[in-house]
Every structure is written in C-alpha cells, then in structure tokens.
1. Scanning for something at pLDDT 95 or above, in a loop (DSSP other than H, G, I, E, B) and out of contact with any helix residue (DSSP H, G or I) (no Cβ under 6 Å at 6 or more places or on another chain), does the range 10-27 turn up at least one residue?
2. Test of understanding: among 35, 22, 73, which residue is on the phi > 0 side of the Ramachandran plot and either in contact (Cβ under 8 Å) with a residue 40 or more places away in the chain or surrounded by fewer than 13 Cβ atoms within 10 Å (Cβ to Cβ) (or both)?
3. Could you tell me which numbered condition residue 42 fails, if it satisfies all but one of (1) surrounded by fewer than 16 Cβ atoms within 10 Å (Cβ to Cβ); (2) part of a helix (DSSP H, G or I); (3) modelled with pLDDT under 95?
C-alpha cells in the first residue's frame, strides 16, 4: 500500500496540470487566430496551409499530448489522497 500524498505533492501536481492546461488554452487561441481552413474548395481539394498555420497545428497537437502526463499524475494523487 502506498503512502498518503503530502499537501506539497498535491499542490505540485495541481500546478503541473494547471500549467499544461494553460499551454493548451494558449495553443487553442493561436490555432483559432491562425484561421486554418479545414474544409475543401469547390474542386474538393484541401485548402493549403501556411507555415504559420502548420506551426499552430503542431503547437496545439504537442500541447494536448503534453497535457496527458500531468493530468494522469494529478488524478493519481487525488485518488491516493482520497483513499
């Protein structure tokens, strides 16, 4: 059986998760501001993306991926704290 997490552990997990959420929110703002076309044109061709738009897509992808570790860690700490 594991140890009960300290308040410091819980606070650190919450800070890591909150920071990751902030990165996702900033990346989503950048994504929306980039005006990335997702639909096709009349000839059913994908609309081209600029380098800046590709950068916004990559940043958003990376932010979501990097959110998973602190989220899982925070959930684990909360379960241990409740347990």
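The values are calculated or read from the model by the stated rules, or taken from the named source; none is laboratory data. What you are looking at is a predicted structure, and each value in this text was computed from that prediction instead of being measured. As a convention, Cβ positions derive from the backbone with ideal geometry for all residues, glycine included, and neighbour counts pool all protein chains shown.
1. No: zero hits.
2. Numbers: 22 fails: on the phi > 0 side of the Ramachandran plot; 73 fails: on the phi > 0 side of the Ramachandran plot.
One residue alone meets the criteria, 35.
3. Just one mismatch for residue 42, condition (2).
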